[in-house]
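Everything on this sheet refers to the single structure shown next.
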Amino acid sequence: MAAGLTMLSLPARCLLGPLRQPLLAPPRRGSSGPGRRWLLSTPIFYVNGPPHIGHLYSALLADALHRHRGLLGPGSGTDEHGLKIQQAAAAAGTAPSELCSHVSGLFRDLFFRAAVSFTDFIRTTEPRHRRAVQCFWAALQGRGLLYKDFYEGWYCTPDECFLTQAQITERPDAQGRPCKVSLESGHQVHWTKEENYMFKLSEFQEPLRKWLQGNRHVISPEPFYQVVLRWLEEDLPDLSVSRERNRLQWGIPVPGDSTQTIYVWVDALVNYLTVAGYPDAHHAWWPAAHHVVGKDILKFHAIYWPALLMAVGLDPPEQIYVHSHWTVRGQKMSKSLGNVVDPVACFKQYTVDGFRYFLLRQGVPERDCDYYEEKVIKLVNSELADALGGLLNRCIAPSINPSGIYPHFSESCFRKGSDHIDVEASGRALAEDYELVASVDRLPLQVTDYFEHFQIYKALESVVACVRQTNGFFQRHTPWKLCRDNPAEKCWLDTVLHVTLECLRIYGILLQPVIPATADKLLSRLSIKPEERAFTDLTFLPRYHGKPCPFEGRKLGPDMGFAPGLASCTMQWFKKVHKLEFE
Ligand code: MSP
């Protein structure tokens, strides 16, 4: 069984309305932008073991995408049925329902700690889901797309999937005995022969191909789209969608046939419809579905799920975002290797936002990424503590800004104009300073574009590049050497501080989806009110552009130090992260 998050998002302007009230016309396929609905989901997570950093990564990607749209209310949940869970409960000597409640609680707790915002957390053992799955089954049956047959083949319980001969290989087990394993996951497979219901998946090969060819961006990153197209060039056999009840009791029974249990993946995939209100109210949301999934479950989401949806007369999801996996010091995470990384321990060590930042900055969806402690420490220290935190601390220090206000910008020191290379004409600003202004001006669009293309790591890379450029600006003008008593120098000193704070304001707003608590502290320190933190407030350096600046002359906010939800360490965000420091 699994747990998953679903994020139902209304456009920002509808936030005050009840979440599922159909305030808007049903979404139009292909339409985009802030005026349309979005149902963003994580996978639902298996509850056979506690959460690890890979699970967290899936959830964080969804959370950051969701926050970036400036919306509230995504969803998640746990996948709680199937042989895998039945066996895990038996091995633990506990009832499946107890195991599910316990581990589902761990996932829910993790997402709260990790500040993953969700509107719904579904458990596949809930009655609303059972009803949705049974209705879905009835719809498949009503359309003549199920038949009973004898299924014979390999079953991989850890992956909960059937495999063809070509998908398995032989490897020695722990005792050196030859055993059959899945080529893809390396998990052991067993031969099964039983009477099952089969879904006429083969009838959907052509419709699936057409759907993909007509929607080139439906699966991103692009290499995964190509993988799915290649799968569709191969034979697409019908899919077994039930198991004999005497082998699998822990699951939803097939309606009208008490000898069979619905296949856990059909059960699990329908969760996305359950949270959308299926079978009664899903039309307000469907097909505005955007699924974040790991590469190991791509086939289920890009082939089985769209085919099942088409089979019941519904549209496939609008978008499938695929990510790769985290390894640990070059090895796959596994219980047997004892290298499973506990995200809660990482929060204690690096803070919640520090670890969120690491995963989203280092995680590249196209390829597997490697986790090791030194890498987190190095990244968090250099980019957050030194570059960002250092910049903030330097420009708000009482020694440099004794009045503690958002300083004034002076046009005569930093003139707008095309002839800025000419020092006379530009006041005291240098060519590199104009380059900084141009970079920060461009940044919001760049960041949005990267988010929309599921390249959050690139969005962060571009923010960091600007942070470094701002540090260069500050360093170049050595404001600590300027004398406040000299009116000309004071003018320039305030301008340098103003530009730096403006840069920090933009970075704070842009970083909210990734490091929400830290961005809040940063923006509060700059006295930016909560209602001034939207992406529509990203106009950089208005005074330079000849417009009024609402922040100029405003008293800076207090040094909040302790961040709610984080360990009690004053301004720990802007301190360097050392392993022992936070223990
Ligand atoms: N229950 C199914 C999903 C059903 S969705 C209708 C499942 N659960 S899972 O718990 O095994 O995995 C949940 C998510 O975690 C998947 O997206 C999977 O790719 C991701 N990860 C599991 N291990 C991972 C890493 N080592 N690294 C990154 N993500 C990983 O599959």
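The values are calculated or read from the model by the stated rules, or taken from the named source; none is laboratory data. Only a predicted model underlies this, so the values are computations on that prediction, with no experimental measurement involved. FYI the Cβ positions are ideal-geometry reconstructions off the backbone, even for glycines, and counts take in every protein chain you see. Remember, those area values only see protein heavy atoms, side chains included, never the ligands or the DNA or RNA. Shrake-Rupley method; radii C 1.70, N 1.55, O 1.52, S 1.80 Å.
What to note about this one:
- Relative to the longest principal axis of the Cα atoms of the chain, helix 431-452 runs at roughly 20 degrees.
- Extension reserve of the residue 445-residue 222 stretch, reckoned as 0.36 nm per residue once the Cα distance is removed: 78.1 nm
- Peptide ranges 544-550, 182-188 listed from the most packed, as the mean C-beta count within 10 angstrom indicates: 182-188, 544-550
- Counting only alpha carbon atoms, the long axis of helix 53-68 and the longest principal axis of the chain meet at about 60°.
- For the chain, the direction-averaged projected area of the alpha-carbon convex hull comes to 28.7 nm².
- Helical runs assigned H by DSSP (4 residues or longer) give the chain a calculated mean residue ellipticity at 222 nm of -11500 deg cm²/dmol, each run adding -39500 (n - 2.57) before division by the residue total.
- The stretch 435-509 - accessible surface per residue (Å², probe 1.4 Å): 37
- Apolar share of the accessible surface for the stretch 398-508: 54 percent from carbon plus sulfur atoms, 1.4 Å probe.
- With a Förster radius of 30 Å applied to the C-beta separation of residue 489 and residue 452, the computed FRET efficiency comes to 0.10.
- Part-to-part distance (alpha-carbon centres) for the stretch 229-260 and the stretch 476-539, which is given in Å: 57
- Solvent-accessible area, 1.4 Å probe, carbon plus sulfur percent, for the stretch 68-171: 53
- Here the stretch 292-374 carries DSSP beta bridges of which approximately 25% are antiparallel, counting only pairs with both residues inside.
- For the chain, the dipole from Cβ point charges (+1 on Lys and Arg, -1 on Asp and Glu) about the Cα centre works out to 900 debye, to the nearest 20.
- Degrees separating the helix 83-92 axis from the principal Cα axis of the chain, which is the longest one: 80
- Of all aspartates and glutamates in the structure, those lying under 13 Å Cα to Cα from residue 375, and not within fewer than 8 positions of it along the same chain, are 383.
- Computed over protein heavy atoms with a 1.4 Å probe, the accessible surface of the stretch 219-289 works out to 34 Å² per residue.
- Gain upon complete extension [residue 339, residue 203; 0.36 nm per residue less C-alpha separation]: 44.7 nm
- DSSP-defined antiparallel bridges as percent of all bridges, the chain, nearest 5: 70
- Extension gain, residue 348 back to residue 468 (0.36 nm per residue minus Cα-Cα distance, nm): 40.5 nm
- Long pairs among 378/521; 180/378; 148/299; 332/458; 84/458, criterion Cα-Cα beyond 31 Å: 180/378; 84/458
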